[in-house]
Amino acid sequence: LPSAASRVQVQVLGAGGEVLRTIELGPQPAGLARVSWDGRADDGSLAAEGAYQLRAQTIGPGGVQSAAQVLAIAAVESVTIGAGQGGLALFLRGLGDVPFGEVRRIG
């Protein structure tokens with residue numbers, strides 16, 4: 001988060017873009033806010049195996065919503081030099097190939 005937020009909400013989206021789960025994080029300071037998902041939908045049912053997206057937003061006074069950047073943590077399984085247009089790419093477990101320029105932190 002670029003600045004402190006009075007309320008942060010993370011949504012887990014299914015393959016069709018439908019919201020499966022909404023996770024309320026409450027107020028958050030500027031910086032990284034950690035969230036984990038237990039694989040369950042809002043109704044308590046276990047979500048099927050598959051790929052999901054996360055969408056985060058801050059909610060301010062008057063219900064004004066602003067999108068927040070989402071970052072993921074994943075293990076590096078391999079590195080490819082000369083991938084795509086000659087750049088460096090990392091193959092991340094569960095995420096696939098990611099251009100090195102999109103990586104925010106290693107460690």
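Taking the criterion of being of a type in the set (A, V, I, L, M, F, W, C) and at pLDDT 95 or above, the residues of region 10-24 that qualify are 10, 12, 13, 19, 20, 23. Of the set (1) exposed (fewer than 10 other Cβ atoms within 10 Å of the Cβ); (2) in contact (Cβ under 8 Å) with a residue 60 or more places away in the chain, all apply to residue 61 but (2).
Restricting attention to region 6-27, the residues that are of a type in the set (Asp, Glu) and open to solvent by less than 40 Å² (accessible area, probe 1.4 Å) add up to 0.
Listed conditions (1) open to solvent by 60 Å² or more (accessible area, probe 1.4 Å); (2) over 24 Å from residue 100 (Cα atoms) are all met by residue 45, apart from (1). Across region 48-55, not a single residue is classified as open to solvent by less than 40 Å² (accessible area, probe 1.4 Å) and within 22 Å of residue 74 (Cβ to Cβ). Inclusion of residue 106 among residues that are open to solvent by less than 80 Å² (accessible area, probe 1.4 Å) and touching a strand residue (DSSP E or B) at 6+ places or on another chain (Cβ under 8 Å) is not warranted.
The values are calculated or read from the model by the stated rules, or taken from the named source; none is laboratory data. Computed from a predicted structure; not experimentally measured. Positions of Cβ are backbone-derived with ideal geometry, glycine not excepted, and every protein chain shown enters the neighbour counts. Each accessible area value is taken on the protein alone, full model and side chains, heavy atoms only, with ligands, DNA and RNA left out. Shrake-Rupley method; radii C 1.70, N 1.55, O 1.52, S 1.80 Å.
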